[in-house]
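Let me begin by presenting the structure, written as structure tokens, before commenting on it.
The values are calculated or read from the model by the stated rules, or taken from the named source; none is laboratory data. Bear in mind that the values here come from a model prediction, so they are computed numbers and not experimental data. As a convention, Cβ positions derive from the backbone with ideal geometry for all residues, glycine included, and neighbour counts pool all protein chains shown. Accessible surface is based on the protein model in full, side chains and every heavy atom, while ligands, DNA and RNA are left aside. Shrake-Rupley method; radii C 1.70, N 1.55, O 1.52, S 1.80 Å.
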Amino acid sequence: MSDRSATPLVAIITGSTSDLPIVDKAKKALDGLSIPHEVRVMSAHRTPDLVTQYVRSAKQRGVRVIIACAGMAAHLAGAVAANTLLPVIGVPIASGPLNGMDALLSTVQMPPGIPVATVGVNGAKNAAILAARILALGDSGIESALEKALETERQAYTDQGPES
Ligand code: RP5
């Protein structure tokens, strides 16, 4: 679904354009579930005011879940969670010499009171599916789309048959 075709329910924020190949996995999953979303590049370190401004207006614009992706000293998801009550899903990205371990720890180790639901390194697809599961609690259309997608994936794995 195009970025601006409908009120975005999911906002995907990422720290750099260099993260976009990973972010694309989340976009594809949301597209497959027909969930309107938007992607914005902004950084907790390089453009902190932009992050604050964007996140504080997100709920009022109709956003219901925020996915924050970042690599290296990945403080983006935490900075987002500090500025909203919307659920925030963090995606640590493997950029830089530590292959994502730095981003994983920076994203997941939040202080008590400010949670970030962190998926695995480069786990953008799971972030999108988790966002969809949150939205499905109040949207039977999204719930049905999730059930259908899960069944299709299960069938594809089943059709592969046992390994010889
Ligand atoms: C992080 O620094 C970004 O999320 C990216 O993963 C990493 C490197 O950014 P670039 O130097 O490639 O812009 O903030």
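The combined condition, being more than 13 Å from the chain's Cα centre (by Cα) and open to solvent by less than 50 Å² (accessible area, probe 1.4 Å), is fulfilled by G100. Go through region 61-75 and give me each residue that's near the ligand (Cβ under 10 Å from one of its atoms) and within 12 Å of the chain's Cα centre (by Cα). Those that are near the ligand (Cβ under 10 Å from one of its atoms) and within 12 Å of the chain's Cα centre (by Cα): A68, C69, A70. For M1, the criteria (1) within 16 Å of the ligand (Cβ to nearest atom); (2) at pLDDT below 95 hold in every case but one, which is (1).
Checked against the criteria, G90 does not count as surrounded by 18 or more Cβ atoms within 10 Å (Cβ to Cβ), in a helix (DSSP H, G or I), modelled with pLDDT of 95 or more and small (G, A, S).
Hey, could you check region 42-79 for residues that are over 23 Å from I129 (Cβ atoms) and touching a Gly at 6+ places or on another chain (Cβ under 6 Å) and say which is surrounded by the fewest Cβ atoms within 10 Å (Cβ to Cβ)? Once the filter is applied, the top-ranked residue is S43.
Can you spot a residue in region 105-117 that is open to solvent by less than 10 Å² (accessible area, probe 1.4 Å), in a helix (DSSP H, G or I) and at pLDDT 95 or above? Looking through region 105-117, at least one residue is open to solvent by less than 10 Å² (accessible area, probe 1.4 Å), in a helix (DSSP H, G or I) and at pLDDT 95 or above.
Step by step: first the residues of region 123-164, then only those that are assigned to a loop (DSSP other than H, G, I, E, B) and either open to solvent by less than 90 Å² (accessible area, probe 1.4 Å) or aliphatic (A, V, I, L, M) (or both), then the one that is farthest from V65 (Cα to Cα). Which residue is that? It comes out as G161.
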